[in-house]
Amino acid sequence: MINRSAENEADRRSFLKAAGVAGLGTVGGATALGAMTDGAMAAPKITDGAILNFALNLEYLEAEFYNIAAFGTGLKNNLTGGKGKKGGVVGGSAVPFKTPAIANYAREIAIDELDHVKFLRKALGGAKVARPAIDLQSSFTAAATAAGLIQPGQTFNPFLDEDSFLLAAFIFEDVGVTAYKGAAPLIQNKTYLEAAAGILAVEAYHAGIVRTALYQKGLYAQAQAISDARDSLDGRKNDDQGIGTAQVANLVPTDKNGIAYSRDPFQVHNIAYLTDKKARKGGFFPKGTNGVLTTSANQRRKKG
C-alpha cells in the first residue's frame with residue numbers, strides 16, 4: 001500500500017508562495033490514482049505533493065543529464081537534499097558539440113531543467129525528496145542494447161558526440177511530456193495543476209527541439225528503435241511514436257484527435273527502471289526513486 005505524503009500546511013503555503021499566489025488559502029487534500037493502465041496496481045489516495053515529488057525525481061535526472069552534457073557539471077550539493085535516501089550520480093561529461101545550434105539547445109534546456117528542480121524544491125518545502133542515486137552510464141548502454149542501437153557487449157556513451165546526446169535526450173523528453181500529461185488529471189489543486197501545466201509546456205518545447213534536431217540529422221531509424229523499446233516496457237498499447245521517415249515527418253506525436261498521449265507514474269517507472277515488470281529500482285535509478293510513487297508495474301504482454 002502506498003502511504004500518504006508527509007507534506008503539511010507549511011509545505012502547502014510554501015508551494016503557493018513559490019507559485020506566486022500566496023494567501024489564496026490551503027491546498028485540497030488528496031487525489032485518487034485509482035485503476036490506471038493495463039497491469040498497473042490499484043492505488044489508494046495520495047496527495048498532490050506526492051505527485052509533485054514524483055515529478056521532482058524526473059527533474060533531478062534530466063537536470064543532471066543536461067547540465068553535465070552542456071556545462072560539464074551537475075547539480076550543486078545544496079539542491080540535492082531532502083526526504084529519502086540521497087544518492088550520487090555515476091557517469092557523464094561535457095559533450096564535444098560540433099553544431100553551434102545544438103550546443104545552444106543543450107545549454108538552454110539544461111538551465112530550464114535546473115530551474116524546474118529549484119522551483120519544485122522550493123514549492124514542496126519540507127516535503128521535498130532528495131535526489132536519488134542516478135546512473136548515466138550503464139543505464140544508457142542497457143537502453144541502447146535493448147533498442148538494438150548497439151550489440152550486446154558494446155557500450156553506448158551519450159556524451160560521446162552530439163548525435164549520441166540527441167538520441168539519449170530523446171529517451172527523456174518524450175517520457176517527461178507524457179508523464180506530466182498523465183499526472184495532470186491526478187492533481188486536485190488548481191495552483192499545483194497550473195504549475196505542472198507550465199512545466200509540461202516547457203518539456204514539450206524541449207521534446208520538439210530534440211525531435212527536430214534528430215530529424216534534421218536523418219536519425220529516423222535510431223529514433224524509431226528507441227520508441228519501440230519504450231513501447232515494449234510501458235504496457236500493451238503502442239502509443240509511442242518515432243520521428244517519421246525521410247518522406248513524412250512525425251515531429252509531434254499525437255492521436256487521431258491531435259492530442260498527445262499520457263503515461264501514469266507506474267509506466268514512467270517502467271521506462272526509468274528499464275523493465276516491463278513490477279520493480280522498485282533499476283535502470284537510471286539503480287536504488288529507486290524517492291517519495292510515495294516509486295514503483296513500476298507488471299506490464300508484460302500475455303502470450304497468444
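The values are calculated or read from the model by the stated rules, or taken from the named source; none is laboratory data. Quick caveat, the model's predicted, so the values are computed rather than measured. Because the Cβ atoms are built from the backbone with ideal geometry, glycine has one as well, and the counts that use them run over all protein chains shown. Note: accessible area is taken over every heavy atom of the protein model, side chains too, but ligands, DNA and RNA are not part of it. Shrake-Rupley method; radii C 1.70, N 1.55, O 1.52, S 1.80 Å.
Looking at region 34-70, which of its residues are over 16 Å from residue 124 (Cβ atoms), surrounded by 24 or more Cβ atoms within 10 Å (Cβ to Cβ) and either modelled with pLDDT under 50 or of a type in the set (A, V, I, L, M, F, W, C) (or both)?
61, 65, 69 - these are the residues of region 34-70 that are over 16 Å from residue 124 (Cβ atoms), surrounded by 24 or more Cβ atoms within 10 Å (Cβ to Cβ) and either modelled with pLDDT under 50 or of a type in the set (A, V, I, L, M, F, W, C) (or both).
Can you pull out every residue in region 262-304 that is in contact with a helix residue (DSSP H, G or I) (Cβ under 9 Å, 6 or more places away or on another chain), open to solvent by 10 Å² or more (accessible area, probe 1.4 Å), basic (Lys, Arg) and under 15 Å from residue 236 (Cβ atoms)?
Across region 262-304, the qualifying residue is only 277.
Sort out which residues of region 224-238 are under 17 Å from the mean Cα position of the chain (by Cα) and either over 20 Å from residue 284 (Cα atoms) or free of Cβ contacts under 8 Å to residues at least 60 places away in the same chain (or both), and write them in order of number.
227, 230, 231
When residues of region 201-254 are filtered for being in a loop (DSSP other than H, G, I, E, B), in contact with a strand residue (DSSP E or B) (Cβ under 8 Å, 6 or more places away or on another chain) and buried (at least 19 other Cβ atoms within 10 Å of the Cβ), how many remain?
Looking only at that region, the number is 1.
Take the residues of region 128-151 that are crowded, with 22+ Cβ neighbours inside 10 Å and in contact with a Lys or Arg (Cβ under 7 Å, 6 or more places away or on another chain): which is farthest from residue 58 (Cα to Cα)?
If we take residues in region 128-151 being crowded, with 22+ Cβ neighbours inside 10 Å and in contact with a Lys or Arg (Cβ under 7 Å, 6 or more places away or on another chain), then 128 is farthest from residue 58 (Cα to Cα).
Got a sec? Which of 93, 164 is in a helix (DSSP H, G or I) and open to solvent by 10 Å² or more (accessible area, probe 1.4 Å)?
Numbers: 93 fails: in a helix (DSSP H, G or I).
From the options 93, 164, the qualifying one is 164.
Condition first: over 20 Å from residue 59 (Cα atoms) and polar (S, T, N, Q). Now tell me which residues in region 249-274 satisfy that.
Listed by number, the residues that qualify are 250, 254, 257.
In contact with a Gly (Cβ under 7 Å, 6 or more places away or on another chain) and either modelled with pLDDT under 95 or of a type in the set (D, E, K, R) (or both): which single residue out of 234, 228, 264 fits that description? I'd like the intermediate steps shown before the answer.
Details: 234 fails: in contact with a Gly (Cβ under 7 Å, 6 or more places away or on another chain); 228 fails: in contact with a Gly (Cβ under 7 Å, 6 or more places away or on another chain).
Exactly one residue qualifies, and that residue is 264.
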